[in-house]
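Remarks on the structure that follows.
The values are calculated or read from the model by the stated rules, or taken from the named source; none is laboratory data. None of the values given here were measured: they were computed from a predicted structure. Here Cβ is always computed from backbone atoms with ideal geometry, including for glycine, and neighbour counts include all displayed protein chains. We work out accessible area using only protein heavy atoms, side chains counted, and drop any ligands, DNA or RNA first. Shrake-Rupley method; radii C 1.70, N 1.55, O 1.52, S 1.80 Å.
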Amino acid sequence: MRFLRPLLFAALLLGAATAANASSPFEGRWRLDPARSSALDGWQQWDLVISVTGTQVSLRHDMQWIATKVSAINVVDTARPTSIADFFRVEQRHMALYPVKDHPTPVSAAWLDDHRTLRVEAQPLIEGSQGNFVMRIYSEYRLVEGDNALLLIELHSTRSRPLVYRFTKVPAEK
């Protein structure tokens, strides 16, 4: 019995390590389906590239308008609130509401629905024509259609309607 405990403990550690290294269905490249999404004013194409490492989730936005290409990354942590120096918002180019320079954005994130939804809340300080103000952004990244589609729902304190973006998974290149 004395030898069984260390063996059981080692098996539990191995199981936990395997689960921690398992790939999340969120990971990969997701391409915007413009016909089933809110208008993407200011852009023509949007790929969302997601990677998960422990409690950190990297949300890379690959955007394009004609020959202009922009790539920006927001890394959130589901274990604790963080600050992001250059928090990227998809609509900032079109709305001309830019973050105040040298003012990091407080961000919190959490998994919901048994890791089927990632909730992200951000409060960037925004520079507008009538002064600076805090914009509240609530985002949910939801897996749908058997993990083959991703639905992004964003609520902004500056808008009366939500933005809804639908993405399809891009097959991994071999």
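Per residue, how large is the accessible surface of segment 28-170? Use a 1.4 angstrom probe and give square angstrom.
So segment 28-170 comes to 54 Å² accessible per residue, rounded to a whole number.
Simple spin-label model, 7 Å along Cα-to-Cβ: VAL164 to ASP47 in nm?
In this crude spin-label approximation the distance works out to 2.7 nm.
Pairs of alpha-carbon atoms within less than 8 angstrom and 6+ residues apart define the contacts here; what relative contact order does segment 28-170 have, in percent?
For segment 28-170, the relative contact order is 20 percent.
Between ILE66 and GLU145, what is the label-to-label distance in nm when each label sits 7 Å out along the Cα-to-Cβ direction?
In this crude spin-label approximation the distance works out to 3.1 nm.
Calculate what fraction, in whole %, of the accessible area of segment 28-170 sits on carbon and sulfur atoms when a 1.4 Å probe is rolled over the protein chains.
About 49 percent, which is the carbon plus sulfur part of the accessible surface.
What is the sum of charges, Lys and Arg at +1 and Asp and Glu at -1, for the other residues whose Cβ falls under 12 Å from the Cβ of ASP62?
Its environment carries a net charge of +3.
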